[in-house]
Every structure is written in structure tokens, then in C-alpha cells.
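Undergrad: Provided herewith is a single structure, encoded as C-alpha cells, for subsequent inquiry.
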Ligand SMILES: *Cc1c(COP(=O)(O)O)cnc(C)c1O
């Protein structure tokens, strides 16, 4: 069976060798040596000044909303994974959806100002499939209206924009290290901010508010990454270039062999990470026909993102025609490190014959 993605598993003896360090230390959580080492290695690899490793990629979104003091309305994108919207609602705020750009698939920055009301406190946007939002325009709008900016950068491991890590943009950026993401710790995630003082606040929020063993600095939750998760990250990280190269090969094979469908348009000056291979069909009927043909061959691409998040049961359902239209006809094709050329070409043939 060919799925949309496949988790990269390092050689088991290498994972065991890292785990042994936790056994030897008798220490498996509470920011032990492995988490600290993973953070240092990620800072060096990603060239970012700060990182807090966390237990998944959703809690960092909630912690960012809480720590920035966002209340009332948060402007957000309808074209993302459900965690972007659910985090806003979970934190007691109201998501206000702004439609997306039809080619970049990120929030349409030209429509943000019209959605600002006296209740708006922030913007939570997603760099979709690793494609950056128009971060410059969003920063200007945020500055003008005194809004905070959070980027859901769950798809962005290794992405750079204008020569620097995409995680450096916004007041806070988050990433996911879930097993389906290109760098992973099984479950895991991280939070990034350039502001060292603010980083301290984010830090205590992720660890119950602890300041030492007996003192509390404020409200917190438990979002700590465990040593067992960090061990996976430390075993996967040496392979990251190999993973990226392999994914690039698959993505280029798709690009060279899929004539008639449109793929993601990358923002200029982006060094992309080949995190997903989305294709846009003409309409949902065509998508469903192709999906069925692929399924018959035991190939399971994914309708990602579908549905448009403004249609969630707990969202306001105000129309976002572009996002709804894109969601109805986008399919993410299988893309992972050891996907064979033969399978990629077979997928391309099936699609090309139906167009
Ligand atoms: C994967 C993902 C998340 C959630 O990350 P978890 O680590 O699964 O909690 C959030 N946003 C986007 C866009 C994602 O793709």
C-alpha cells in the first residue's frame, strides 16, 4: 500500500544507542540531556537563535496565543490543518477567516485589513505546505494595527525565506515533529521566537509555570518533550539531508511528468523543503475520479486540506470561496524518502490519462 507519506525510521540500533543514554542516566523526561542536545542541534541546523522543544505541534499554538495575551478575534486562514483553528477556539478566541491567495494558497494579505475590528488582537496564519505567507505585508499590517502575529509553520522544517529560517518571522512560529512530518520525533513540535525575554514566558507556560521546584511564575500547562521523543529526533537528524535529497528527487519526477495539472506556486526567494506535493485538478469530479483510480492500485493520496476550515462545525461558516474551491480540488500525492521512481511514474500515468 502506498500512502501519502511514510515515516522515516532510522536504523533501530542507532535509535537504541541514543535511548541507552536515557537508560544509563535513569532520566526519561523533564528536559534531560537528550532534549537539551536536540535543541542545540536544531538551533545549529536551522540557524535560529532560540527554540523550545515540545511534545507536539498543537500545544505551541495554544501556548503562543495564551502568552501573547490574545483575546477576542484572531484573523486566520481557512486553508490549514484543523489544529490552527481549533487552537484559537480552545483558547477562547474567535477565528475570523480571511480567504486565501488562489496560487500561493496562503492567507490573502490584501484582504486582512478589511477583516480587522476593534476586537481583533492577532493574526494566526499558516505557511501552507512549506510555502511562506507574504510575511512582509503581514508585518506591516500588524504593526499599523498593533496586532501580534503567530505563524503555524508545522510544514516548514528547513525552509528558508530571503536567506533566513522561516521560523524567524512573526512574534512566534511553531513547528510540528509529528511522525508524518519530514523531520520527526514520533510526536513532537517546537516553538520559536526571536525575543529572548518573551521566550522566558513561553518557557514557563510549557512547564506548569514552574520557576524552580517551589516557585510559580504564572499559569502553565505541560507541553514538555520527553527524552524518548528527543532520542528519535537525535536518531533522525543525521539523515535529514538524505531525506531532503530523496524528497526532492520524487518532487522533481512529479514535476517533469505531470503536464496538465497545476502544482504549488512557491513564493519567490524561498528555499523549499519538498514537504508535500499538492496538485490542483480542474474540479472535484475530476479529483474524485483520479482518487478512485489510484485507490484501485492501492495508492492513497490525501485530500489535504479538506474541508476548508470555515466550514467546521464550530466555525462561523462565512463563505471563503477561494479556499472552499481549492479544498474541493486539491490532492496531495504520495511523497516520501524511499518512494520508487516506478510508483511515481505510475501515478503520473494514471493522472495524465484522466486529464
Ligand atoms: C501537523 C500540523 C499541526 C499539528 O501538529 P501536531 O504535531 O500533530 O500536533 C498543526 N498545523 C499544521 C498545519 C499541521 O500540518
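Undergrad: Go through 227, 139, 187, 245 for me and flag whichever is in the same structural domain as residue 54 (by TED's automatic domain parsing) and either farther than 28 Å from residue 32 by Cβ or surrounded by fewer than 16 Cβ atoms within 10 Å (Cβ to Cβ) (or both).
TA: Numbers: 227 fails: either farther than 28 Å from residue 32 by Cβ or surrounded by fewer than 16 Cβ atoms within 10 Å (Cβ to Cβ) (or both); 187 fails: either farther than 28 Å from residue 32 by Cβ or surrounded by fewer than 16 Cβ atoms within 10 Å (Cβ to Cβ) (or both); 245 fails: in the same structural domain as residue 54 (by TED's automatic domain parsing).
Checking each option against the conditions leaves just 139.
Undergrad: To continue, here is another question. Return the residue satisfying two criteria in turn: it lies in the range 56-84 and is part of a loop (DSSP other than H, G, I, E, B) and within 15 Å of the ligand (Cβ to nearest atom), and of such residues it is surrounded by the most Cβ atoms within 10 Å (Cβ to Cβ).
TA: 77
Undergrad: To continue, here is another question. Answer yes or no: is there a residue in the range 33-53 that is near the ligand (Cβ under 10 Å from one of its atoms) and modelled with pLDDT of 95 or more.
TA: The answer is no; no qualifying residue exists.
Undergrad: Within the range 184-194, which residues are touching a strand residue (DSSP E or B) at 6+ places or on another chain (Cβ under 9 Å) and over 12 Å from residue 230 (Cα atoms)?
TA: 191, 192, 193 - these are the residues of the range 184-194 that are touching a strand residue (DSSP E or B) at 6+ places or on another chain (Cβ under 9 Å) and over 12 Å from residue 230 (Cα atoms).
Undergrad: With the structure loaded, tell me whether residue 251 is touching a helix residue (DSSP H, G or I) at 6+ places or on another chain (Cβ under 6 Å), surrounded by 14 or more Cβ atoms within 10 Å (Cβ to Cβ) and outside any strand (DSSP E or B) or whether it fails that test.
TA: Judged against the criteria, residue 251 is not a match.
Undergrad: Now for a separate question. What are the residues in the range 168-182 that are within 14 Å of the ligand (Cβ to nearest atom) and not in a loop (DSSP other than H, G, I, E, B), if any?
TA: Within the range 168-182, 172, 173, 174, 175, 176 meet the criteria.
Undergrad: Of the numbered conditions (1) within 27 Å of residue 200 (Cα to Cα); (2) without any contact (Cβ under 8 Å) to a residue 60 or more places away in the chain; (3) surrounded by fewer than 21 Cβ atoms within 10 Å (Cβ to Cβ); (4) in contact with a strand residue (DSSP E or B) (Cβ under 9 Å, 6 or more places away or on another chain), residue 44 fails exactly one; give the number of that condition.
TA: (4)
Undergrad: Being within 16 Å of the ligand (Cβ to nearest atom) and touching a helix residue (DSSP H, G or I) at 6+ places or on another chain (Cβ under 6 Å) is the filter here; which residues of the range 185-205 pass it?
TA: Across the range 185-205, the qualifying residues are 185, 186, 188, 189, 191, 192.
Undergrad: What tally of residues in the range 316-342 results from selecting those that are over 25 Å from residue 285 (Cβ atoms) and at pLDDT 95 or above?
TA: 7
The values are calculated or read from the model by the stated rules, or taken from the named source; none is laboratory data. It should be emphasised that the depicted structure is a prediction, and the values quoted were computed from it without experimental measurement. Here Cβ is always computed from backbone atoms with ideal geometry, including for glycine, and neighbour counts include all displayed protein chains.
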